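Participant: I have a structure I would like to understand better, so I am pasting it below and will then ask my questions one at a time.
The values are calculated or read from the model by the stated rules, or taken from the named source; none is laboratory data. No experiment lies behind these values; they were computed from the predicted model shown. Counting neighbours? That spans all protein chains shown, and the Cβs are built from the backbone with ideal geometry, glycine included.
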Amino acid sequence: MVTSVYASQSLLLLVQPSCLKRRLPTSKKLIISSGSVFTIGHKSKSKQPMVTFRNSKRDANADFEAGKRLYLGMDFGTSGARYALIDEEGNILAEGKRDYSSFMNKEKVDLVQSWKKTLFSLLGDVPVSLRSNIASISVDGTSATTMIIDGKTGESLSKPFLYNDSCPDALPLVKSIAPENHTVCIGSSTLCKLVSWWNSCGSNKDSVVLLHQADWLSWLLHGKLGVSDYNNALKVGYDPEIDSYPPWLLAQPYSFVLPSVQAPGTPIGYMKEDVRTNFGFSENCVICTGTTDSIAAFLAARATQPGKAVTSLGSTLAIKLLSTRRIEDSRYGVYSHRLDDKWLVGGASNTGGAVLRQMFTDDQLEKLSEKINSSEASPLDYYPLLSVGERFPVADPDMQPRLHPRPESDVEYLHGILESIARIEAKGYNLLKDLGATPVEEVFTAGGGSKNDKWIKIRERVLGLPVHKALQTEACYGAALLAMKGSSLKGR
C-alpha cells in the first residue's frame, strides 16, 4: 500500500556548519584498511580510488574522539560516485570518489551491477578507524533514473531507465490522465518510463516495485524494499504539496507499483547485519531516505533565502532557485521540489560537462581556459548536447546538437561552448522569472564546473548577476547533511 510520512527539513536550512567559513587543512597521507597509502589531493594515475582525509582541530594521526557521531553521504552521479564523511559541526573528515565499474552482461554494460559494486567500494574506502562512529547514512542519485524491481528478490526486471532516456510512446497516455502541463507530461519523466514498461511487459506482473537509483542503493543497505523520498518521487507524479500521490495516479492499474514516500532524510532502518559486520559499522548505524543529486548539491551550497540559486555544472546542467511560489510547467521542463515551507524551482538541461569531456581532456580544459578572455563575448552560437533531445529550458526530444562551425583555434572553440552553456543557463533563470518564480538575485555554483574560474566569470557576465563557487560544492556533502538530519529525527 502506498503511504507517506512528512518530516520538516528546517534543520537543513537553519544549521550553518562551522566548516563553511573556511576550507579545512588536509593531511598528506592516509593509510586505510587495505594497507595502501594514497597521496592526498591528487588523482592517482592508477585505478586506485581517490581518498582524502580532512581534520579540523587535531592531527590526522591523533586518536579519534571516542563516541563522536559522524554522518556519511554518498552521491551517485551520471559518471561516478563520491562520499563525504562529516561530524556534527559539518567538518569533512574524509571524502573520496570512484568511477563506475564496468560489468558486462551479454556484451552490454550492466549498470545495476556497476552501481552496486561502486556502492560497496565506497563503503570500503571509508577509513576503517571511523566507521564505528558513523551514526547515519544517506544516498542521493540522478533524478528520474528509474528501476523496475522484483518485489520478492530486489532484482532488476529490466535495464534501468536513465535520467535522459525518453519514452515518447507513453506520453499520449500520460497526458490523457495527468493535469495539463504537469511535471510528468514530458517523455523523460519517471511516469512515462513506468507506463512504457507497463505497456510492453508489465501488465502480467504482480510483484513489482518502482524504485529510483537512490532508493535501490539505499535498499542494499537497509533491506526494506519499496521506500522512496518526495524529491525523487516528484517525476512519477507524487504531489509534495498535499504529501501524497494524487487520485488520478492512484486510479491507474499500475499504481500498486509505486513506492511509499517519506521526506528526504527520514530514518528507514538500521544497516543490514551482513553489510554492517562485513565493513565494521555500528549496529546503531541508521540508513535514511535520500534525494536527487541536484537537490543534494543545493543543500550543500546552503542557499537559504528566496532569490538564491544553485547551478550544478556536472555532466549535465541543473538549476535550482529557492522561491516562495511553486512553479510547474512541463512545456518547458520546469518543476518544483519541496524544501520546508519553500520551493526549489528549476530544471535540468542535457547540456553540460559531458559534452566538454567528449572533446577535451581535463588538462586541455584547464590550459585552454586560462587563455580565454572572459570579459569578451564569444560570437559563436552553439547548443552543446551529447545526443538528440533537450529537457530544459526547452522540452524538445528532437532537438539536434549544434557545435559547428568549429574555428581553427581550440581556445575560441572552448570559449564558444562555455558561453553557449552560460546562455542556456541564463535562459533557464529568465524563464523561471517569467513563469512567476522569485527572481534570482545570486547564483552559487556546484559540480565540477565550479572549479573553472574563467567559466564563472563568463557566466557572471552573461547572467548579469553575482556568481560564486559554493563553499561546499559536492552533492555528497548535502547527502551527509540529510544523514545528520535523519540521525536527529531518530533521537526524538
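Participant: Give me a count of the residues in segment 278-317 that are within 13 Å of the chain's Cα centre (by Cα) and among the charged types (D, E, K, R).
Facilitator: Number of matching residues: 1.
Participant: Here's something else I'd like to know. Residues of segment 134-173 being among the hydroxyl-bearing types (Ser, Thr, Tyr), crowded, with 23+ Cβ neighbours inside 10 Å and either under 16 Å from residue 237 (Cβ atoms) or out of contact with any Ser or Thr (no Cβ under 8 Å at 6 or more places or on another chain) (or both), which ones? Full working, then the answer.
Facilitator: Here is the first cut: in segment 134-173, the residues among the hydroxyl-bearing types (Ser, Thr, Tyr) are 136, 138, 142-143, 145-146, 153, 156, 158, 163, 166.
Next cut, crowded, with 23+ Cβ neighbours inside 10 Å only: 136, 138, 142-143, 145-146, 163.
Listed by number, the residues that qualify are 143, 145, 146.
Participant: Ok, one more. Can you tell me how many residues in segment 394-413 are more than 31 Å from the chain's Cα centre (by Cα) and among the small types (Gly, Ala, Ser)?
Facilitator: 1
Participant: Also, I was wondering about something else. Do you know which of the residues in segment 318-340 that are farther than 25 Å from residue 455 by Cα and in a strand (DSSP E or B) is farthest from the chain's Cα centre (by Cα)?
Facilitator: So the residue we want is 329.
Participant: Name every residue in segment 417-436 that is touching a Pro at 6+ places or on another chain (Cβ under 9 Å) and over 16 Å from residue 317 (Cβ atoms), in order of residue number.
Facilitator: Of everything in segment 417-436, just one residue is touching a Pro at 6+ places or on another chain (Cβ under 9 Å) and over 16 Å from residue 317 (Cβ atoms), namely 433.
Participant: Could you please find all residues in segment 320-358 being buried (at least 21 other Cβ atoms within 10 Å of the Cβ) and farther than 20 Å from residue 190 by Cβ?
Facilitator: Those that are buried (at least 21 other Cβ atoms within 10 Å of the Cβ) and farther than 20 Å from residue 190 by Cβ: 321, 322, 323, 351, 352, 353, 355, 356.
Participant: Next question, about the same structure. Residues in segment 151-165 that are closer than 25 Å to residue 251 by Cβ and of a type outside the set (Phe, Trp, Tyr): how many? If you could, list the steps in order and put the result at the bottom.
Facilitator: In the first step, residues of segment 151-165 are kept if they are closer than 25 Å to residue 251 by Cβ; the result is 151, 157-158, 161.
Restricting the remaining residues to those that are of a type outside the set (Phe, Trp, Tyr) gives 151, 157-158.
Of the residues in segment 151-165, 3 are closer than 25 Å to residue 251 by Cβ and of a type outside the set (Phe, Trp, Tyr).
Participant: Going by what's in this entry, would residue 125 be described as in the same structural domain as residue 214 (by the TED database) and closer than 24 Å to residue 474 by Cα? Even if it seems obvious, please write down each step before you answer.
Facilitator: Numbers: in the same structural domain as residue 214 (by the TED database): yes; closer than 24 Å to residue 474 by Cα: yes.
Answer is yes for this residue.
Participant: Further question on the same structure: Do you know which residues across segment 287-317 are surrounded by fewer than 24 Cβ atoms within 10 Å (Cβ to Cβ) and among the hydrophobic types (A, V, I, L, M, F, W, C)?
Facilitator: Correct list: 303 only.
Participant: OK, next. Within segment 479-490, does at least one residue satisfy the condition of being small (Gly, Ala, Ser), surrounded by fewer than 22 Cβ atoms within 10 Å (Cβ to Cβ), out of contact with any Asp or Glu (no Cβ under 8 Å at 6 or more places or on another chain) and not in a helix (DSSP H, G or I)?
Facilitator: Filtering segment 479-490 for residues small (Gly, Ala, Ser) gives 479-480, 483, 486-488.
Next, only the ones that are surrounded by fewer than 22 Cβ atoms within 10 Å (Cβ to Cβ) stay: 488.
Right, trim to out of contact with any Asp or Glu (no Cβ under 8 Å at 6 or more places or on another chain) and you get 488.
Narrowing further to those that are not in a helix (DSSP H, G or I): none.
The answer is no, given that none of the residues of segment 479-490 is small (Gly, Ala, Ser), surrounded by fewer than 22 Cβ atoms within 10 Å (Cβ to Cβ), out of contact with any Asp or Glu (no Cβ under 8 Å at 6 or more places or on another chain) and not in a helix (DSSP H, G or I).
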